[in-house]
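The values are calculated or read from the model by the stated rules, or taken from the named source; none is laboratory data. Predicted model only: the values in this text are computed from it and were never measured. Neighbour counts run over all protein chains shown; Cβ positions are idealised from the backbone, glycine included. With ligands, DNA and RNA removed, areas are computed over all heavy atoms of the protein, side chains included. Shrake-Rupley method; radii C 1.70, N 1.55, O 1.52, S 1.80 Å.
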Amino acid sequence: MMTTKNADPSEDVAAELLDVMKALANPVRLQLLRWLREPERHFPVEEAIADPVEVGICVSHIQAKVGLAQSTVSAYMAALERAGLVRSTRVGKWTHYKRDEERIAWFVAALGRSL
C-alpha cells in the first residue's frame, strides 16, 4: 500500500510502517502470515486446486486451520493485503493468498532504518 505523497518522504515511510504494524498487531493475523511462510508445512497442499507456493493458499483452507468464521478470516486477510503483506489471486470462485516477500523485506529494512 502506498500512501499519498507528503512534503517529507520520511512521513510517507512512517505512515506505511504504521499501516504494516497495525496489520501485524493482531495475533491471529501475525500467525496467518507465519503459516503462509511455509504453506506446504501448514496447509493440506494435496487438496489444493492451485500451486500453494506460486498462487497461494485457498481461503477455505486458511479458515479450516484457524477455526474462525469465513467473514472474520476474509477481513483478516483483507487487512494483511491492504498493508501489502499478502497478495490475493482468484482461481475460479476461490481466493488464494500468498505472502508478498518483497514487501515484507521492504518493511523489515525500512523499520531498521527508522529506529
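Of the numbered criteria (1) of a type outside the set (A, V, I, L, M); (2) open to solvent by 30 Å² or more (accessible area, probe 1.4 Å); (3) farther than 23 Å from Arg41 by Cα, the one Glu101 fails is (3).
Among the residues making up segment 14-41, those that are touching a residue at least 40 places away in the same chain (Cβ under 8 Å) and either hydrophobic (A, V, I, L, M, F, W, C) or not in a helix (DSSP H, G or I) (or both) are Ala14, Leu17, Val20, Ala23, Leu24, Asn26, Val28, Leu32, Leu33, Leu36.
With the requirement that a residue be of a type in the set (Ser, Thr, Tyr) and either in contact (Cβ under 8 Å) with a residue 40 or more places away in the chain or surrounded by 18 or more Cβ atoms within 10 Å (Cβ to Cβ) (or both), what does segment 42-89 give you? Passing the criteria: only Tyr76.
Examine segment 90-100 for a residue that is touching a residue at least 12 places away in the same chain (Cβ under 8 Å) and β-branched (Val, Ile, Thr), and state whether such a residue exists. Scanning segment 90-100 turns up at least one residue that is touching a residue at least 12 places away in the same chain (Cβ under 8 Å) and β-branched (Val, Ile, Thr).
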